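**Q** Here you go, one structure.
The values are calculated or read from the model by the stated rules, or taken from the named source; none is laboratory data. All figures in this text were calculated on a predicted structure; none of them were measured in a lab. Cβ placement follows ideal geometry from the backbone for every residue including glycine, while neighbour counts extend to all protein chains displayed.
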Amino acid sequence: MANILLLNGPNLNLLGTREPDKYGNDHLEDIIKKCRKIADSHGHNLTDFQSNSEHELVEKIHLTKNDLIDFILFNPAAFTHTSIVLRDALLAVNVPFIEIHLSNISAREEYRNKSYFSDIAQGCIFGLGSVGYELAVSAACKIIGN
Ligand code: DQA
């Protein structure tokens with residue numbers, strides 16, 4: 001059994017009501033439930049953490065060693081485009097991760113085209129809405145299993 005951490009950055013706690021034309025109608029709790037079900041079906045354990053604070057996300061990434069986390073699924077939200085701090089934290093712990101975005105950040109405003117994570121991620125899933133989360137868990141299970 002492996003431990004997967006699903007990390008969500010700022011404003012994703014508002015999913016379901018936040019700009020549904022861009023981010024869909026699913027609430028974060030529903031997405032997490034579906035992801036946990038998929039992880040369970042592969043015999044893996046999925047924990048989750050959402051924060052609006054960069055510092056809390058850094059601390060959670062640092063704890064991945066103590067928490068024996070094997071794989072991270074991460075939607076850094078707006079920190080995607082700004083956070084060298086979170087990038088450095090992921091490089092420091094060296095836990096493989098998949099970068100997820102509900103919207104296609106490459107097809108949006110220019111300031112969203114830049115990601116501080118894509119080049120160090122194992123893989124990236126953008127623009128598929130909440131289905132992207134489900135695909136990311138399935139991919140992580142496959143990678144862990146191999
Ligand atoms: C997002 C894309 C980001 O640009 C934005 O700041 C978000 C959500 C997405 O999932 O599409 O908060 O990460």
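**Q** Looking only at the stretch 97-121, count how many residues are in contact with a helix residue (DSSP H, G or I) (Cβ under 7 Å, 6 or more places away or on another chain) and away from the ligand (no atom under 11 Å from the Cβ).
**A** The total comes to 4.
**Q** On to the next question. Which of the numbered conditions does Thr80 fail, given that it passes all the others? Conditions: (1) in contact (Cβ under 8 Å) with a residue 60 or more places away in the chain; (2) more than 16 Å from Asn8 (Cα to Cα).
**A** Of everything listed in (1) in contact (Cβ under 8 Å) with a residue 60 or more places away in the chain; (2) more than 16 Å from Asn8 (Cα to Cα), Thr80 misses just condition (2).
**Q** Residues to consider are Ile98, Ile105; find the one that is surrounded by 16 or more Cβ atoms within 10 Å (Cβ to Cβ), under 23 Å from Lys22 (Cβ atoms) and in contact with a Leu (Cβ under 9 Å, 6 or more places away or on another chain).
**A** Ile98
**Q** If you don't mind, another one. How many of the residues in the stretch 24-48 are in a helix (DSSP H, G or I) and closer than 22 Å to Lys60 by Cβ?
**A** 12
**Q** Taking the stretch 68-78 as the search range and keeping residues that are surrounded by fewer than 20 Cβ atoms within 10 Å (Cβ to Cβ) and either more than 8 Å from the ligand (Cβ to nearest atom) or acidic (Asp, Glu) (or both), which one is nearest to Gly24 (Cα to Cα)?
**A** Checking each candidate, the answer is Asp70.
**Q** Kindly indicate whether any position in the stretch 52-67 is small (Gly, Ala, Ser) and surrounded by 16 or more Cβ atoms within 10 Å (Cβ to Cβ).
**A** no
**Q** Evaluate the following for Ala78: is it modelled with pLDDT of 95 or more, out of contact with any helix residue (DSSP H, G or I) (no Cβ under 6 Å at 6 or more places or on another chain) and either over 18 Å from Val137 (Cβ atoms) or in a strand (DSSP E or B) (or both)?
**A** yes
**Q** Output the number of residues of the stretch 1-49 satisfying the condition of being within 13 Å of the ligand (Cβ to nearest atom) and exposed (fewer than 13 other Cβ atoms within 10 Å of the Cβ).
**A** Looking only at that region, the number is 4.
**Q** If you check every pair at least six apart or on different chains, which have Cβ atoms under 9 Å apart with a residue in the stretch 90-111 that is under 26 Å from Gly24 (Cβ atoms) and of a type in the set (D, E, K, R) first and a residue that is near the ligand (Cβ under 8 Å from one of its atoms) and not in a helix (DSSP H, G or I) second?
**A** Glu99/Asn75; Glu99/Pro76; Glu99/Phe126
**Q** Got a number for residues in the stretch 112-146 being of a type outside the set (Lys, Arg), touching a Ser or Thr at 6+ places or on another chain (Cβ under 9 Å) and not in a loop (DSSP other than H, G, I, E, B)?
**A** Counting residues in the stretch 112-146 that are of a type outside the set (Lys, Arg), touching a Ser or Thr at 6+ places or on another chain (Cβ under 9 Å) and not in a loop (DSSP other than H, G, I, E, B) gives 5.
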